[in-house]
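Have a look at the structure below, then the notes.
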Amino acid sequence: MAHHLKYARQVAAEVRHVRSEVAGFLLSIELWLMVLAAASMVAGFWLAFMGDWRCLQAFGFALGYPVLRVVLHLRRLLAWPFF
């Protein structure tokens, strides 16, 4: 995908095009659940490193995410396939 953009208008048009193409994915609940689960896992590791018992809660959410995702797919709130 080698685009040679010379002018600011071309760059702006390309940015608008890409943004409109990915808008559905960026607004999906799946993306934000994945981001939340990743942040929870990082927080869990950090809290475990600090010796805080709340790391169990963060790990519980991060490990509960796949179960929640399967339930949402079975209830047809999310579309198959996963990716």
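Per-structure values
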quantity: Carbon plus sulfur fraction of accessible area for region 18-83, probe 1.4 Å, in percent; calculated: 76 percent
quantity: About the Cα centre, charge dipole magnitude for the chain (Lys/Arg +1, Asp/Glu -1 at Cβ), debye; calculated: 260 debye
quantity: Helix-only mean residue ellipticity at 222 nm for the chain, each DSSP H run of n ≥ 4 adding -39500 (n - 2.57), per residue, nearest 500; calculated: -25500 deg cm²/dmol
quantity: Cβ-Cβ FRET estimate between VAL18 and ASP52, R0 fixed at 25 Å, reported to 0.05; calculated: 0.05
quantity: On Cα atoms only, tilt of 55-74 relative to the major axis of the chain in degrees; calculated: 60 degrees
quantity: LEU78 long-range amide H proximity, modeled H, under 5 Å; calculated: HIS73
quantity: Reciprocal mean inverse distance between Cα atoms of the chain - Kirkwood radius, Å; calculated: 15.7 Å
quantity: Qualifying trypsin sites (Lys or Arg not before Pro) in region 1-74, DSSP loop, other Cβ atoms within 10 Å at most 10; calculated: LYS6
quantity: Average accessible area per residue (Å²) across the chain - probe 1.4 Å, nucleic acids and ligands excluded; calculated: 84 Å²
quantity: Leading residue at positive end of dipole, the chain (Cβ point charges), from GLY60, LEU26, VAL11; calculated: VAL11
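The values are calculated or read from the model by the stated rules, or taken from the named source; none is laboratory data. Not measured: the values here are computed from a predicted model. Cβ: placed from backbone, ideal geometry, glycine included. Neighbour counts: every protein chain shown. SASA here: full protein model, heavy atoms, side chains in, ligands and nucleic acids out. Shrake-Rupley method; radii C 1.70, N 1.55, O 1.52, S 1.80 Å.
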